[in-house]
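Down below is the structure, laid out as structure tokens.
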Amino acid sequence: MNVVFQSTYYTLYQANNERCFYIDFGQKTVRMSLCQLLSLRHKLMSIAIENHFDSDLNSHGFEVLMLCNKEHLFVLNTLEILDLKKLVDHGFMEIGISAKTVAIV
Amino acid sequence: MKDIARQSMSIKVESMDLLNGQIKMEAHASATYLAMASWCEQNGFFTSAKFFFKQAEEEREHMMKIFNFLVDTGGNPISPEVTDINHDYSSIVDVFESTLEHEVKVTQSIHNIVKKAREMGDIATERFLDWFVMEQVEEENTIRDILDMIEVTGTEGVGLQMIDNQVANWID
Ligand SMILES: [Fe+2]
Ligand SMILES: [Fe+2]
């Protein structure tokens with residue numbers, strides 16, 4: 001497995017022989033197809049992170065993330081969400097289907 | 001590293017995001033035209049109602065065209081949430097004026113995606129949108145023609161019913 005990108009808490013790997021990706025979440029490692037990675041990206045983009053700074057909108061500052069068609073459930077705090085966003089953002093640049101370049105971000 | 005991602009997906013994720021936004025916009029247009037059809041039915045403009053029922057269907061077809069393009073390119077098409085549909089119109093003129101306003105917004109949005117796709121060098125997305133660019137020219141032209149007809153006919157006396165009858169010319 002090749003390391004695609006490593007953020008503070010997480011690591012994204014590409015497994016060439018299996019044609020898929022892995023994310024090491026610390027407590028467990030999750031296998032993901034590109035579709036599942038795209039779906040994670042969409043879920044992260046839909047999170048209103050600004051609500052974490054408003055105690056009425058998100059009083060505990062947690063997000064519940066269900067991945068891979070409800071196979072995995074994660075409860076992440078604000079910093080972990082931001083870090084995962086970073087991992088996915090950079091990850092997509094590295095795997096070559098984002099128009100953003102590493103230099104810009 | 002092997003290009004696994006590129007082999008499974010042939011457009012950029014940023015194009016995919018923009019196209020998912022456009023899916024939402026077409027769905028919103030479809031729902032808006034359905035609301036207009038409802039208004040027309042309730043206010044006795046039965047030909048115009050027919051026109052908007054057909055427009056609603058066409059906008060859904062536009063949405064599906066983009067949805068299927070995202071399927072074909074290996075992207076992640078998102079079924080849109082449609083909210084904030086206006087059902088209040090002050091007159092049949094208001095209905096058609098709002099339609100033109102809406103179509104112009106759609107045109108601008110499509111032009112924006114074409115420009116962004118061009119900047120990204122995403123030729124597939126750019127070429128895919130060719131059809132939409134020309135479709136918007138036609139749609140805007142149809143509504144402008146109807147508004148011209150309304151202007152010429154006038155809304156006094158039997159004008160409103162004459163307007164409704166003439167909308168039939170734009171239902172094909
Ligand atoms: Fe449309
Ligand atoms: Fe339209």
Worksheet item: When the helices in chain B are scored as -39500 (n - 2.57) per DSSP H run of 4 or longer and the sum is shared across all residues, what 222 nm value do you end up with, to the nearest 500 deg cm²/dmol?
Response: -25500 deg cm²/dmol
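For region B:1-97, take the convex hull of the Cα atoms, compute a quarter of its surface area, and give me that in nm², please.
Its Cα hull, projected and averaged over all orientations, spans 6.8 nm².
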Worksheet, complete the sentence: Expected integer from the mean partner chain Cβ neighbour count at 10 Å over B:4-16 is 6
Worksheet item: Which one of A:21, A:62, A:74 has the biggest mean-square fluctuation once chain A is modelled by GNM with Cα springs under 10 Å?
Response: A:74
Worksheet item: What longest region of chain B stays clear of GluC sites (Glu not before Pro) that DSSP places outside H, G, I, E and B and that have at most 14 other Cβ atoms within 10 Å?
Response: B:1-80
Worksheet item: Dipole of region B:67-172, Cα-centred, from +1 at each Lys and Arg C-beta and -1 at each Asp and Glu C-beta, to the nearest 20 debye?
Response: 460 debye
Fill in: Cα-based helix-to-principal-axis angle, B:13-42 vs chain B, degrees rounded to 10
20 degrees
Worksheet item: Shielding of A:27-36 by partners, i.e. mean partner chain Cβ atoms within 10 Å per residue?
Response: 2
Worksheet item: How high is the relative contact order of region A:2-95, given as a whole-number percent (alpha carbon pairs under 8 Å, six or more residues apart)?
Response: 27 percent
Discussion item. In whole Å, what are the extents of region B:95-143 along the principal axes defined by its C-alpha atoms, from largest to smallest?
Written reply: 39, 14, 9
Item to complete: Measure nothing but the geometry: give the 0 to 90° angle between the long axis through the Cα atoms of B:46-72 and the longest principal axis through the Cα atoms of chain B, rounded to 10°.
Response: 0 degrees
Discussion item. Let me confirm one metric for peptide A:89-97, namely the mean number of other chain beta-carbon atoms within 10 Å of its residues' beta-carbons.
Written reply: 5
Worksheet item: Using helices alone, what [θ] at 222 nm do you get for chain A, with -39,500 (n - 2.57) per DSSP H run of 4 or more residues, divided over all residues and rounded to the nearest 500?
Response: -9500 deg cm²/dmol
Discussion item. Checking the cross-link filter: which aspartates and glutamates have an alpha carbon closer than 13 Å to that of residue A:28, excluding same-chain neighbours under 8 positions apart?
Written reply: A:71
Worksheet item: What FRET efficiency, computed as 1/(1 + (r/R0)^6) with R0 = 35 Å and r the Cβ-Cβ distance, is obtained for residue B:137 and residue A:53, rounded to the nearest 0.05?
Response: 0.20
Worksheet item: Once chain A is represented by equal point scatterers at the alpha-carbon sites, with solvent omitted, what log10 I(q)/I(0) does the Debye formula produce at q = 0.10, 0.13, 0.16 Å⁻¹?
Response: -0.28, -0.47, -0.71
Item to complete: Find the eigenvalues of the gyration tensor of the Cα atoms of the protein assembly as shown, then list the square roots of 5 times those eigenvalues as equivalent ellipsoid semi-axes, largest first, in whole angstrom.
Response: 46, 21, 14
Worksheet item: In degrees from 0 to 90, rounded to the nearest 10, what is the angle of the helix A:78-94 Cα long axis to the longest principal axis of chain A?
Response: 30 degrees
Worksheet item: At what distance in angstrom do the alpha carbon centres of region B:75-136 and region B:17-38 lie from each other?
Response: 8 Å
Discussion item. Taking 2.2 N^0.38 Å as the expected size of a compact globular protein, what ratio does the Cα radius of gyration of chain B give against it, to two decimals?
Written reply: 1.20
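Read-outs: derived from the displayed coordinates by stated rules, not from any lab. Since the structure is predicted, the reported quantities are computational estimates derived from the model, not experimental observations. Every residue, glycine as well, gets a Cβ built from its backbone with ideal geometry; the counts of neighbours run over all protein chains shown.
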